[in-house]
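Since the structure comes first, as structure tokens, the remarks are kept for the end.
Each reported figure results from applying straightforward, stated rules to the coordinates on display, with no laboratory input. No experiment lies behind these values; they were computed from the predicted model shown. Because the Cβ atoms are built from the backbone with ideal geometry, glycine has one as well, and the counts that use them run over all protein chains shown.
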Amino acid sequence: MKIQDARKLPPKAQEDIRRKAVKAYLNGRNKTEIAEIFGVTRQAVTQWVNAYENRGAKALKAKRRGRKGGKELLPWQAAQTVKAVVDRHP
């Protein structure tokens with residue numbers, strides 16, 4: 001059986017796998033078996049189970065991915081940065 005990298009799945013599919021894995025653990029399956037069934041690592045299953053036990057079902061929800069949007073520089077900050085680059089690297 002070919003194992004698919006779960007990190008490449010959409011966030012909702014990842015959330016679904018996490019919920020099903022925790023449910024399987026609560027129904028008595030061991031973590032190694034769950035990892036094989038869902039194509040993830042045993043350590044990932046352990047993290048999900050611990051998160052569920054500590055923070056409940058909300059810990060398994062899909063979160064926003066990617067880099068956070070930053071704020072733009074103020075004009076004086078941009079000028080200061082340009083001056084530093086020009087002065088040190090002609």
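Just a few scattered comments:
- For Lys63, the aspartates and glutamates whose Cα falls under 20 Å of its own Cα, not counting residues fewer than eight places away in the same chain, are Asp5, Glu15, Asp16, Glu53.
- For the chain, dividing the convex hull volume of the Cα atoms by the residue count gives 176 Å³ per residue.
- Pairs exceeding a 32 Å alpha-carbon distance, out of Lys8/Lys58; Lys12/Lys71; Lys20/Lys68; Lys31/Lys58; Lys31/Lys71: Lys31/Lys71.
- Estimated vicinal HN-Hα couplings, Hz - the stretch 30-39 in sequence order (Karplus 6.51, -1.76, 1.60; Gly, Pro = x): 8, 5, 5, 5, 4, 4, 5, 5, 8, x
- Under 13 Å, Cβ to Cβ, from Ala78 - net charge with Lys/Arg +1 and Asp/Glu -1: +1
- Think of the chain as having a plus end and a minus end, set by charges on the Cβ of Lys, Arg, Asp and Glu; of Gly66, Phe38, Leu26, Leu26 sits farthest toward the positive end of this dipole.
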